[in-house]
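Here's the structure, in structure tokens; my notes come after.
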Amino acid sequence: MRAVVVYESMYGNTHQVADAIAAGLETAFDVGVVPVSEASAAGIADADLVVVGGPTHMHGMSRATTRKWAVQAADRPVGDLKVEPGALGPGLREWFGSLGRYPVKAAAFDTRLNGPAAMTGRASKAVARLLRAHGFDVVARPESFLVTKQDRLQQEETTRAREWGTRLAASIAPSKARS
Ligand SMILES: Cc1cc2nc3c(=O)[nH]c(=O)nc-3n(C[C@H](O)[C@H](O)[C@H](O)COP(=O)(O)O)c2cc1C
């Protein structure tokens with residue numbers, strides 16, 4: 001069985017989470033991890049599971065303006081944030097705009113600041129909504145992974161992401177060892 005993890009990332013945190021989720025999914029799937037700029041409709045259509053995640057910007061999914069601000073923030077002399085290739089877009093929002101309908105199992109995640117979701121917002125809620133709007137069968141609750149105010153992934157979040165991926169895999173597929 002094949003899973004695809006599609007991610008959007010400005011500073012690499014969501015990319016790291018995507019890799020960790022993929023490591024968890026590998027208990028039951030052959031997994032590909034692709035940045036949203038390279039995610040083809042064909043690769044989605046014949047997958048058994050699609051996991052989609054991105055950073056929370058202004059309480060939701062990024063837009064062209066917020067991605068520009070993110071790149072400008074990384075240019076400041078303070079801090080040492082590095083911008084991912086393709087950070088300016090297209091992002092998940094634009095990608096969904098180009099997608100058709102896919103009756104494929106799916107799940108959503110995001111990265112965001114630590115705090116009550118009612119205060120920070122969480123992009124994964126919007127991602128899950130768009131997945132459903134495109135016919136995907138969303139099989140897990142949207143999950144957030146947390147970054148510090150300095151835009152660094154909090155300790156233990158990659159472990160938590162890998163475990164989330166393992167649980168997600170177990171919920172829909174027999175493990176590779178048993179199949
Ligand atoms: C323009 C901008 C807006 C942001 N808005 C929010 C927000 O509303 N809520 C939140 O929790 N985090 C917010 N953040 C923090 C991002 O969620 C954080 O930078 C992101 O999770 C890091 O992931 P990445 O390295 O994959 O881009 C914002 C960051 C930027 C650059």
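The values are calculated or read from the model by the stated rules, or taken from the named source; none is laboratory data. Everything numeric in this text was worked out from a predicted model, so none of it was measured. Every residue, glycine as well, gets a Cβ built from its backbone with ideal geometry; the counts of neighbours run over all protein chains shown. SASA here: full protein model, heavy atoms, side chains in, ligands and nucleic acids out. Shrake-Rupley method; radii C 1.70, N 1.55, O 1.52, S 1.80 Å.
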(request) Skip the ligands, DNA and RNA, and give the accessible area per residue of the chain with a 1.4 Å probe, whole Å². (result) 50 Å²
(request) Relative to the longest principal axis of the C-alpha atoms of the chain, give the angle of the C-alpha long axis of helix 157-172, reported between 0 and 90° and rounded to the nearest 10°. (result) 30 degrees
(request) Whenever you get a sec, compute what percent of the accessible area on the range 20-101 sits on carbon and sulfur atoms (1.4 Å probe). (result) 55 percent
(request) Sort 15, 134 by accessible area with a 1.4 Å probe, largest first. (result) 15, 134
(message) Can you compute the charge dipole magnitude of the chain about its Cα centre, using +1 on each Lys and Arg Cβ and -1 on each Asp and Glu Cβ, nothing else charged? Give it in debye, rounded to the nearest 20.
(response) 520 debye
(request) For the range 97-103, take each phi angle, set θ = phi - 60°, evaluate the Karplus expression 6.51 cos²θ - 1.76 cosθ + 1.60, and give the result in whole Hz per residue in order, putting x for glycine and proline. (result) x, 9, 8, x, 10, 9, x
(request) Excluding residue 125 itself, calculate the net charge of residues whose Cβ lies under 13 Å from the Cβ of residue 125, where each Lys or Arg counts +1 and each Asp or Glu counts -1. (result) +3
(request) Pop out the Kirkwood hydrodynamic radius of the range 104-144 from its pairwise C-alpha distances, inverse of mean 1/r, in Å to one decimal. (result) 10.5 Å
(message) I want to verify the translational diffusion coefficient of the chain in µm²/s; compute it with Stokes-Einstein, Rh as the Kirkwood radius over Cα pairs, at 37 °C and 0.692 mPa s.
(response) 203 µm²/s
(request) Name the residues whose placed amide hydrogens come within less than 5 Å of the amide hydrogen of residue 84, ignoring near sequence neighbours (fewer than 5 apart) on the same chain. (result) 11, 12
(message) Quick check: pseudo-label points 7 Å beyond the Cα along Cα→Cβ at residue 98 and residue 68, how many nm apart are they?
(response) 2.1 nm
(request) Would you mind checking which residues have amide H under 5 Å from residue 106's amide H? H placed 1.01 Å from N; only 5 or more apart, or other chain. (result) 50, 137, 138, 139
(request) Amide H neighbours of residue 153 under 5 Å, at least 5 residues apart or on other chains, H built in the peptide plane: list them. (result) 148
(request) Compute the signed sum of charges (Lys and Arg +1, Asp and Glu -1) over the other residues within less than 10 Å, Cβ to Cβ, of residue 52. (result) -2
(message) What do you get for the angle between helix 13-25 and the principal long axis of the chain? Use alpha-carbon atoms, 0 to 90 degrees, nearest ten.
(response) 10 degrees
(request) Classify the range 129-179 as rounded, prolate or oblate, taking a ≥ b ≥ c as the square roots of the eigenvalues of its Cα gyration tensor: rounded when a/c is under 1.5, otherwise prolate if a/b is larger than b/c and oblate if not. (result) oblate
(request) Would you please classify the overall shape of the range 82-129 from the alpha carbon gyration tensor, given that a ≥ b ≥ c denote the square roots of the eigenvalues, rounded means a/c under 1.5, and beyond that prolate means a/b larger than b/c while oblate covers the rest? (result) oblate
(request) Express in Å², to the nearest 10, the accessible area of residue 1 obtained by rolling a 1.4 Å probe over the protein heavy atoms while all chains stay in place. (result) 110 Å²
(message) What whole-number distance in Å separates the alpha-carbon centres of the range 124-179 and the range 1-76?
(response) 11 Å
